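Student: Just dropping this structure here.
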Amino acid sequence: MENDLMERYIYAVTRRLGSKQRQDVARELRSLIEDMLSERCAGARPTERDLRVVLTELGPPGELARKYDPAGDRALIGPPYYGMYKRVLGVVLVCMAVGMTLAHGILALLKPGSWFLTLGRWLTGLAAGTVFAFAFVTALFAFFSWRGVAVEQYNFDDLPPVPKKRQTAPVWESMAGIAFCVVFLVVFLGCPQILGMADGTPLLSVEGIRASWPVPVLLAALGIGRETVKLLERRYSRRVFLAALIADGLSAALVIWWLTACQVFNPAFFEKIGALFPEDPGFSAFFEKFPTFFLAVFLFALALDVLDAFLRGMET
């Protein structure tokens, strides 16, 4: 029990430090706590009460973490948020740049053109994405600061347990999720005719997609928000589950409205499919119901995402 409490305290201090610093700080803290316990107990076996006294002398995990990362005390977004804000902003900006580069590379392959126009579109998209990422992350942390959202625990009994391997949320996982949202948005809006028949008839209605552009933008923003919360937590927790529930719930509502109120799919595509297979009514009927099938698959994927966040986040 005593060792578990010590490891939870060390994890709470180090979990938001940089990867290069985390192991060194954990090793230093473990040695410091053991020395303080030895000095306090004078050869006797330390009890949990002794450990709690020592950890109280060291101070709340967040304050101790800031001693190893003091830059937060000089920021406009001050303690205890700045250290996290700086790291999360850096990760999101990198993901935005990678996603924009991949997306415009795909667009260049799908819609070849002069290299300077391609470069211009990429630079414009990169600038817009950078502004969006900066504004998004800054607004998120400003909300945390305004509402006083707790980002650390001061009660030893409330310290998060050291996560099991299944509960960890690697940074690369969140980065991949954010980059995917960016690629989806740029390619979907920039080249909605990517899916279609060989004669060029698109599955999606180009006019309908571009007329309802705020919906894919909101879907991408919800996905980025969900991944940002995971990036903050560095583990599947109740907060990550709540973020997934809210983001995926809103995404489901948006897509249901989008597919029913807007002409997302191209009717000409389904007419041509029916004309190609007049002798197979079942095949034609399937494509006629394709929007319903697409919606069902999308909702099922969202439900799986929420269920996965719930199962992994509740394993505490």
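The values are calculated or read from the model by the stated rules, or taken from the named source; none is laboratory data. Since the model is a prediction, treat every value here as computed from it, not as a measurement. Glycine gets a Cβ as well: all are built from the backbone with ideal geometry, and neighbour counts include every protein chain shown.
Student: Mind listing whichever residues of region 107-130 are closer than 25 Å to T228 by Cα, over 18 Å from the mean Cα position of the chain (by Cα) and touching a residue at least 40 places away in the same chain (Cβ under 8 Å)?
Tutor: Passing the criteria: only G125.
Student: Can you run down the residue pairs with Cβ atoms below 8 Å, 6 or more apart or on separate chains, where the first is in region 178-205 and under 17 Å from C262 (Cα atoms) and the partner is surrounded by 17 or more Cβ atoms within 10 Å (Cβ to Cβ) and aliphatic (A, V, I, L, M)?
Tutor: That search, which allows pairs on different chains as well, returns F188/I209; L189/I209; P192/L204; P192/I209; Q193/L204; L204/V264; S205/V264.
Student: Separate question: Restricting the search to region 143-189, which residues are of a type in the set (A, V, I, L, M, F, W, C), surrounded by fewer than 15 Cβ atoms within 10 Å (Cβ to Cβ) and either in a loop (DSSP other than H, G, I, E, B) or at pLDDT below 70 (or both)?
Tutor: W146, V149, A150 - these are the residues of region 143-189 that are of a type in the set (A, V, I, L, M, F, W, C), surrounded by fewer than 15 Cβ atoms within 10 Å (Cβ to Cβ) and either in a loop (DSSP other than H, G, I, E, B) or at pLDDT below 70 (or both).
Student: If you go through region 89-126 one residue at a time, how many are more than 20 Å from A176 (Cα to Cα) and assigned to a helix (DSSP H, G or I)?
Tutor: Qualifying residue count for the region: 12.
Student: Also: When you scan region 230-262, how many residues do you find that are closer than 19 Å to L204 by Cα and exposed (fewer than 15 other Cβ atoms within 10 Å of the Cβ)?
Tutor: Summing the residues that are closer than 19 Å to L204 by Cα and exposed (fewer than 15 other Cβ atoms within 10 Å of the Cβ) in region 230-262 gives 5.
Student: At pLDDT below 80, of a type in the set (G, A, S) and either under 25 Å from K86 (Cα atoms) or in a helix (DSSP H, G or I) (or both): is that true of G72 in this structure?
Tutor: Working: at pLDDT below 80: yes; of a type in the set (G, A, S): yes; either under 25 Å from K86 (Cα atoms) or in a helix (DSSP H, G or I) (or both): yes.
Yes: the conditions hold for G72.
Student: Check region 206-224 and report whether any residue there is touching a helix residue (DSSP H, G or I) at 6+ places or on another chain (Cβ under 6 Å), in a helix (DSSP H, G or I) and among the basic types (K, R).
Tutor: No, because not a single residue in region 206-224 is touching a helix residue (DSSP H, G or I) at 6+ places or on another chain (Cβ under 6 Å), in a helix (DSSP H, G or I) and among the basic types (K, R).
Student: Name the single residue, out of those in region 20-58 being closer than 14 Å to E7 by Cα and among the β-branched types (V, I, T), that is surrounded by the most Cβ atoms within 10 Å (Cβ to Cβ).
Tutor: Here the residue is V54.
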